[in-house]
Amino acid sequence: MKRFCLLVSIALMCGFLIALEGAPPNPVDSTQSSGRQGSYFSNTYQNLFTELLGKSESQVRARVDSTFHQLFYGNDSTQRVYYPSGPDKAYVEDVLHKDVRTEGMSYGLMIAVQLNKKAEFDRLWKWAKTFMQHRVEPRKTYFAWHCRTNGVVLDSTAASDGEEWFVTALFFASARWGNGKGILNYRAEAQAILDAMLNKEGKPWSDGKIVNMFNTREKQVVFVPDIAASGFTDPSYHVPHFYELWARWGNKNNRFWCDAASTSRSFFKKAAHPTTGLMPEYAHFGGSPMNWRGGGNDDFRFDAWRVGMNVALDYAWFAKDPWEVAQSNRLLNFFHAQGIGKYGNQFKLDGTQLSDDRSIGLVAMNAAACLASTNENRKEFVEALWNTPVPTGLYRYYDGLLYMMAMLQVSGDFRIYDPTGKPAVECPEERH
């Protein structure tokens, strides 16, 4: 959740499989599997609701569908976060702050593509392209992170996580539905954003203030691609499982994305507290906590809830680092010790609780962390998610989107859709 005002083609034509609503997904050809563990290679996804709680497939499907329906088509004032805008657009609203953010728009796209909701995906994408994406340099192709619901830009700066999720959702859309024309050529749109991430510095039109979305020396995502806030990172923006896919699907910079994935895994080890497993909201590239402008960002706060999900998904999809299992166990053991139904939502990294508030978004992210956990207590975290109603009211934007994301992940419905049609065992050599 952005809690502060920020300062700051195609290599292979594919996507010819057009999945029908409700049809069994076919993300990758499992006959090409390398034999490694990890969903990218095995094409299998855990359903912890059935595995740990004994829920039937029909029960789980009904629960996922009803969650989507409430958040996208529920009561205008108390339930939904997805709002149609005109004949062919829609936005995801942060109802507490009455604005639209790239975070929510990109999450909305990912939810739509995972559930095969092409109409909703295209509406969201058209809104983002129309009102949020910059058309001229030096910010060209970046997205303004913050807009009014009428499309007026409130802050032209980009927030790096939005672009990361946009790219991956667009690649998945290319695989699920094929590529159309113009802005519906999903793969070309993904590639354009990917290229812009590494192509802002040292150009004739550069004003010296807008920088790359990844620090090319550190090979890490920056907090904001603006010179004033690009010297550090946000651990929840590190998504090595996405970088692994970009390395395989992108037209260029393939080795960089491979290296970025490895760097993020190493970064997690440096950023995580050795006892609690908690990570800060913001951090230096070396992993130490960063307290930006005295905002308490060196603590475990709202952004940091998502790191447990990212670590677990990276292991679930690629299983490259067994440390991620130990980290997920450590994190869940900390929260279990606080009381499965009692823990607050903000902490010092050493485990000192800073708030007694209970947040559904954190409950959801802890359930997602179970995908990489071997703890016996993981059943209790999955059960806590199942027993928690879909968020309503003023906080339903952030809590609700994380809840929906966790429902997809824990049910095995958060999958890789490969626009190339087959997995690559290792990151490919550089393409030109």
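The values are calculated or read from the model by the stated rules, or taken from the named source; none is laboratory data. This one's a predicted model, so the numbers in the text were calculated from it and none came from an experiment. Note that we place each Cβ from the backbone using ideal geometry, even for glycine, and neighbour counts take in every protein chain shown.
Summary table
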{"read-out": "Segments classed as helices (runs of 4 or more DSSP H), wholly inside the stretch 35-105, with at least 1 members that are among the small types (Gly, Ala, Ser) and touching a Phe, Trp or Tyr at 6+ places or on another chain (Cβ under 7 Å)", "value": "39-42"}
{"read-out": "Within the stretch 166-275, helices (runs of 4 or more DSSP H) holding 3 or more residues that are in the same structural domain as TRP292 (by TED's automatic domain parsing) and closer than 23 Å to GLY295 by Cα", "value": "254-271"}
{"read-out": "Lone qualifier among TYR417, TYR397 - being aromatic (Phe, Trp, Tyr) and in a helix (DSSP H, G or I)", "value": "TYR397"}
{"read-out": "Residues located in the stretch 361-379, provided they are crowded, with 18+ Cβ neighbours inside 10 Å and in contact with a Cys (Cβ under 9 Å, 6 or more places away or on another chain)", "value": "ARG378"}
{"read-out": "Yes/no for LYS348 being under 15 Å from PHE300 (Cα atoms), of a type in the set (Lys, Arg) and either assigned by TED's automatic domain parsing to the domain that holds PHE268 or crowded, with 16+ Cβ neighbours inside 10 Å (or both)", "value": "yes"}
{"read-out": "In the stretch 239-271, residue surrounded by the fewest Cβ atoms within 10 Å (Cβ to Cβ) [restricted to those that are over 20 Å from GLY308 (Cβ atoms) and either touching a strand residue (DSSP E or B) at 6+ places or on another chain (Cβ under 6 Å) or of a type in the set (Lys, Arg) (or both)]", "value": "ARG255"}
{"read-out": "Hey, PHE223 closer than 27 Å to LYS98 by Cβ and either within 16 Å of the chain's Cα centre (by Cα) or surrounded by 20 or more Cβ atoms within 10 Å (Cβ to Cβ) (or both) or not", "value": "yes"}
{"read-out": "Residue among ALA119, ALA128, ALA112 that is more than 27 Å from VAL307 (Cα to Cα), part of a helix (DSSP H, G or I) and not basic (Lys, Arg)", "value": "ALA119"}
{"read-out": "Verdict on ALA190 being of a type in the set (Gly, Ala, Ser), within 23 Å of LYS129 (Cα to Cα) and touching a Leu at 6+ places or on another chain (Cβ under 7 Å)", "value": "yes"}
{"read-out": "Lone unmet requirement of (1) of a type in the set (S, T, N, Q); (2) under 21 Å from SER160 (Cα atoms); (3) out of contact with any His (no Cβ under 8 Å at 6 or more places or on another chain) for GLN346", "value": "(2)"}
{"read-out": "Subset of the stretch 134-167 that is polar (S, T, N, Q) and touching a helix residue (DSSP H, G or I) at 6+ places or on another chain (Cβ under 6 Å) - its residue that is surrounded by the most Cβ atoms within 10 Å (Cβ to Cβ)", "value": "SER160"}
{"read-out": "Every residue from the stretch 368-394 that is farther than 14 Å from TRP305 by Cβ and assigned to a loop (DSSP other than H, G, I, E, B)", "value": "SER373, THR374, ASN375, GLU376, ASN377, THR388, PRO389, VAL390, THR392"}
{"read-out": "Single match in ALA337, ALA319 (criterion: farther than 30 Å from ARG248 by Cβ, surrounded by fewer than 23 Cβ atoms within 10 Å (Cβ to Cβ) and among the aliphatic types (A, V, I, L, M))", "value": "ALA337"}
{"read-out": "Residue in the stretch 297-307 that is within 15 Å of ALA367 (Cα to Cα), among the β-branched types (Val, Ile, Thr) and in contact with a Pro (Cβ under 9 Å, 6 or more places away or on another chain) present", "value": "yes"}
{"read-out": "Given (1) at pLDDT 95 or above; (2) among the small types (Gly, Ala, Ser); (3) in contact with a helix residue (DSSP H, G or I) (Cβ under 6 Å, 6 or more places away or on another chain), number of the condition ALA424 does not satisfy", "value": "(1)"}
{"read-out": "Given (1) surrounded by 24 or more Cβ atoms within 10 Å (Cβ to Cβ); (2) in contact with a Cys (Cβ under 8 Å, 6 or more places away or on another chain); (3) not β-branched (Val, Ile, Thr), number of the condition PHE131 does not satisfy", "value": "(1)"}
{"read-out": "Residue among ARG358, ARG396 that alone is under 26 Å from TYR282 (Cα atoms), of a type in the set (Lys, Arg) and surrounded by fewer than 23 Cβ atoms within 10 Å (Cβ to Cβ)", "value": "ARG358"}
{"read-out": "Answer from MET407, MET365 - the residue that is assigned by TED's automatic domain parsing to the domain that holds GLY295, of a type in the set (A, V, I, L, M, F, W, C), in a helix (DSSP H, G or I) and farther than 25 Å from PRO322 by Cβ", "value": "MET407"}
